[in-house]
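The values are calculated or read from the model by the stated rules, or taken from the named source; none is laboratory data. As the structure is a prediction and not an experimental result, all values here were calculated from the model. When we count neighbours, we look across all protein chains shown, and the Cβ atoms used for this are built from the backbone with ideal geometry, even at glycine. Calculation scope for accessible area: heavy atoms of the full protein, side chains included, ligands and nucleic acids excluded. Shrake-Rupley method; radii C 1.70, N 1.55, O 1.52, S 1.80 Å.
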Amino acid sequence: MSQEPYVRTEMLSAQPAPLGQTGILRWMRENLFSSIPNGIVSAITIGVIVYILMGLLPWAIQPSWSSDSLRQCIDDPNITGACWGVIRDRFNQLMFGFYPHDLQWRPILAFVLMLVAIAPVLFDKLPRKMIWFSAVYPFLGVWLLWGGAFWGPLLVIAGFVVGFIVHKVVKGPAGDLAAMILGVLAAILWWLYAVAPISDMILQTVAESRIEATIQDLEDGEAALVAEVTEMESRIDALETPIAEMQAPIKDLKDAAESQSAIVDELKAQLNADLEEGFYLSSHTELSDAEVADLEGRIAAEESKLYDVELAYSDAAKVLDAQRRDLVAAKNDISTATTALRESERARADMAVLPDLLVEADGLETRKVELQAALDAATAALTDNVKGIASLSQAETALSDADKDSFHAYEAAKEDLEAVKNEAANVENRVQRAHQLAGLIGLTPVESSKFGGLMLSITIGVSGIVLSLPIGIMLALGRQSDMFIIKVLSVGFIEFIRGVPLITLLFVASVLLAFFLPPGTNFDLILRVIIMVTIFASAYMAEVIRGGLAALPKGQYEAADALGLDYWQAMRLVIMPQALKISIPGIVGTFIGLFKDTTLVSIIGLLDPVGLLASIQGTSDWNGIVWELYIFIALMFWVFTFSMSRYSMYLERKLKTTH
């Protein structure tokens, strides 16, 4: 008898996967406990992490955010760990350094616009027209941070226009290389010799037409400052009275806390004196169990009273500290307002006599020429016995009256010229200050010495990142060039910079560079640091990109040649896109290292977040606090570096072409 085959007439419904094949359990089995060695390592690692967190979290999670000083954290019985009040109290300083408080909207706006500017560079789905804003942003960002007249960035942009025009004009008859060199030289000459005179001319023209209006504005501002100073004096008087009244109650609370603490210590001493240490346990010798329980109850009650007294003392001390802080802030405000009032009065006085100052400056210039001629004549009249000496005592032979007279005439002419030079410089400074105040149409200038905190690190780091990549690409191409001079210069630059520590370059920027500049040259320190950081990073970037170029097969170069592309077309369209894709991890790693290396600027006196630690710890309120500041600074840097790392991974996945 044949058996009929079984044919299913309906599909079985889907069944849920076993519990161990889905969710967190599956992930743990595959990643943490896939084998016995892996399970042992995972268990040990988890144990170490749990052990660290058990010690760290109770210390970190504290109700100390509102504390105004380290002493408040110590006195508060509810705070037994980290004192995070320093972050709240000094957050503004850690972010902006000593940047004027009323102008801090400018770096905030500059940072927001920076994100907008780099967005079309990082993400190709955004409108391509946004790249124009990316090109303009460097000039806009510098203007927002440092301030100045609005025509300053426009004159700098004009340098690129001049270079482009020269390149276009020269390209036809002289070729691409000569046109590029002449275009760059034209732009550099424009920036060195044309920007400052044109800017000063515009400033003077505008100032001459706005002197009377500026004087009136200064008078109105001075009246407002006088009223503000009067109000501040009243506020100081109102603060000093309650501070004096709080001294006695706080002293009473402190005495009560000390007395209550003594009572608790005495009761604990009575209880401990009756203990007899055994082999395993301690036992009481004379007190009964009821007496021990009564004594322990009294100790608990007195400790509760002690806690209440300490808490009351801590609250009162916080109020007193807040009052004192308000008093100190009011005194600082009145000092600042008084200084601003004096500066405004001095500026108004200079502006009122600006025509006379200009006449005086011209007269002093004429006087300088005359005295210089007199000094030259006195120098020529020096006898051989006194030439080249700084004083008569250095003469090697006996001097005659004629020798002494010629030397005294020379010294007198030299002193007169030096005095007139100093007076002329003073008058010139007064004229420039008046022109700056009356003719400035733009943003209030901010000195680089006011920069600090995370703002300074971002400024240096982003500038170095943006500039080092194109320079590194050119150095990498130069190192592979067939032109002997270009190759030697590129190799020499890369090897020398890579062999020198960054801190050495920063010291060169801070100290030695001034010796190679013309006398009187004011070269901004932050700009010097940005240049050195860029040079340092570009040398490492060149080697990273050279590795990407070396990884490409020779067939890619041959394919570009077969398409009839010239050198720059081949690099732009075929070689560089592939080399940069290969080099993404190294490039981003260099960027991350560069951003972290910005903390080294604290060694040369710039106040980045690490450089501000000493000034924060040097105050009476936060003297002795360490870990909280370092943890917060480390967290700030981690946010930026982790974001760069994640973008690198995203870009690698997006450009991945393997299957």
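Remarks
Table: residues versus (1) under 30 Å from residue 330 (Cα atoms); (2) among the polar types (S, T, N, Q); (3) at pLDDT 80 or above.
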site: 238; (1), (2), (3): yes, no, no
site: 244; (1), (2), (3): yes, no, no
site: 274; (1), (2), (3): no, no, no
site: 283; (1), (2), (3): no, yes, no
site: 296; (1), (2), (3): no, no, no
site: 299; (1), (2), (3): no, no, no
site: 302; (1), (2), (3): no, no, no
site: 308; (1), (2), (3): no, no, no
site: 318; (1), (2), (3): yes, no, no
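- Considering the range 172-189, the residues that are open to solvent by less than 60 Å² (accessible area, probe 1.4 Å) and touching a helix residue (DSSP H, G or I) at 6+ places or on another chain (Cβ under 7 Å) include one that is modelled with the lowest pLDDT, namely 178.
- Applying the condition of being among the polar types (S, T, N, Q) and touching a helix residue (DSSP H, G or I) at 6+ places or on another chain (Cβ under 8 Å) to the range 313-332 and asking which residue is most open to solvent (accessible area, probe 1.4 Å) yields 323.
- Residue tally, condition among the hydrophobic types (A, V, I, L, M, F, W, C) and in contact (Cβ under 8 Å) with a residue 60 or more places away in the chain, over the range 61-86: 5
- Once the range 621-630 is narrowed to residues that are touching a residue at least 60 places away in the same chain (Cβ under 8 Å) and surrounded by fewer than 15 Cβ atoms within 10 Å (Cβ to Cβ), the residue that is farthest from residue 82 (Cα to Cα) is 623.
- Scanning the range 142-179 for residues that are outside any helix (DSSP H, G or I) and either within 26 Å of the chain's Cα centre (by Cα) or under 30 Å from residue 112 (Cα atoms) (or both) gives 147, 148, 149, 150.
- Residues that are over 30 Å from residue 350 (Cα atoms) and either in contact with a helix residue (DSSP H, G or I) (Cβ under 7 Å, 6 or more places away or on another chain) or open to solvent by less than 80 Å² (accessible area, probe 1.4 Å) (or both) do not occur anywhere in the range 202-210.
- Members of the range 610-627 found to be farther than 21 Å from residue 458 by Cα and of a type in the set (A, V, I, L, M, F, W, C), listed by number: 622, 625, 626, 627
- Considering the range 19-68, and only residues there that are among the hydroxyl-bearing types (Ser, Thr, Tyr) and modelled with pLDDT under 90, the residue that is farthest from residue 625 (Cα to Cα) turns out to be 22.
- Residue in the range 69-98 that is nearest to residue 627 (Cα to Cα), counting only those that are open to solvent by 30 Å² or more (accessible area, probe 1.4 Å), in a loop (DSSP other than H, G, I, E, B) and touching an Asp or Glu at 6+ places or on another chain (Cβ under 9 Å): 84
- Test: residue in the range 158-165 that is buried (at least 17 other Cβ atoms within 10 Å of the Cβ) and in contact with a Gly (Cβ under 8 Å, 6 or more places away or on another chain): yes
- For the range 546-615, the helices (runs of 4 or more DSSP H) that sit wholly inside it and include 3 or more residues that are open to solvent by less than 50 Å² (accessible area, probe 1.4 Å) and within 26 Å of residue 455 (Cα to Cα) are 584-597.
- Residue match in the range 513-522 (condition: within 19 Å of the chain's Cα centre (by Cα) and under 24 Å from residue 604 (Cα atoms)): no
- Residues that are of a type in the set (Ser, Thr, Tyr) and surrounded by 10 or more Cβ atoms within 10 Å (Cβ to Cβ), drawn from the range 22-67: 22, 34, 42, 45, 51, 64, 66, 67
- For residue 651, the conditions (1) over 24 Å from residue 529 (Cβ atoms); (2) open to solvent by 30 Å² or more (accessible area, probe 1.4 Å); (3) assigned to a loop (DSSP other than H, G, I, E, B) all hold with the exception of (3).
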